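For reference, the structure is listed below as structure tokens.
The values are calculated or read from the model by the stated rules, or taken from the named source; none is laboratory data. It should be emphasised that the depicted structure is a prediction, and the values quoted were computed from it without experimental measurement. A quick note on method: Cβ atoms are made from the backbone with ideal geometry, for glycine too, and the neighbour counts reach across all protein chains shown. Just so you know, the surface numbers come from the protein's heavy atoms only, side chains and all, with ligands and any DNA or RNA stripped out. Shrake-Rupley method; radii C 1.70, N 1.55, O 1.52, S 1.80 Å.
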Amino acid sequence: LAFYRRDLGADSTRIQSLFRRAQNGEVSVKRAVATRDGLLEVLRTGRVLAIALVDLRLLHARAARTSLLPRSYTGHYVLLVGADGDRVRYRDPAADRAELVIDADDLHRARVAHGTDEDLILVAVDAVSEALPPIRGVR
């Protein structure tokens with residue numbers, strides 16, 4: 001903690017300022033708890049993306065790819081892109097495949113694990129496409 005103490009005050013002030021700016025603008029900021037089923041329901045619409053903080057060890061627990069990971073919490077962000085039934089499609093910036101699939105129960109365990117604070121950012125797909133300026137050469 002001593003390592004962070006020097007910057008903690010400035011970071012806290014900066015983050016609070018960003019939240020105030022978001023609340024005064026077009027961004028809706030809400031503090032809530034997303035249940036497993038509630039998150040699935042939103043992802044099944046195909047109209048929402050979710051950036052989720054997960055414990056990487058639990059995300060890959062069934063795939064037995066955890067031998068190289070630390071034994072304690074390993075925070076990692078993934079992008080949840082949709083759901084079909086109880087399977088969630090996601091993108092992992094550290095993976096070699098474009099899209100992965102995980103059982104909703106396994107995702108939930110990784111998402112609510114100690115250390116994640118259940119951090120989740122929901123983004124309406126329509127809002128993203130409207131906010132992005134056109135990029136030449138991209139359709």
**Prompt:** Which one is least open to solvent (accessible area, probe 1.4 Å), of the residues in the stretch 78-107 that are among the acidic types (Asp, Glu), without any contact (Cβ under 8 Å) to a residue 60 or more places away in the chain and within 15 Å of Leu40 (Cα to Cα)?
**Reply:** Asp106
**Filter result (part of a loop (DSSP other than H, G, I, E, B) and surrounded by 11 or more Cβ atoms within 10 Å (Cβ to Cβ)) within the stretch 15-40** = Val27, Val29, Ala34, Thr35
**Asked** Taking interchain pairs and intrachain pairs at least six residues apart, which have beta carbon atoms under 7 angstrom, with the first residue in the stretch 16-38 and over 19 Å from Leu80 (Cα atoms) and the second at pLDDT below 75 and β-branched (Val, Ile, Thr)?
**Response** Phe19/Val29; Ala22/Val29; Gln23/Val29
**Prompt:** Only one residue in Arg62, Arg44 is out of contact with any His (no Cβ under 7 Å at 6 or more places or on another chain), at pLDDT below 75 and either surrounded by 13 or more Cβ atoms within 10 Å (Cβ to Cβ) or closer than 18 Å to Ala113 by Cα (or both), so which one is that?
**Reply:** Arg62
**Message:** Of everything in the stretch 1-41, what is over 30 Å from Ala104 (Cβ atoms), modelled with pLDDT of 70 or more and not basic (Lys, Arg)? Give them in sequence order.
**Reply:** Gly9, Ala10, Asp11, Ser12, Thr13, Ile15, Gln16, Ser17, Leu18, Gln23, Asn24, Gly25
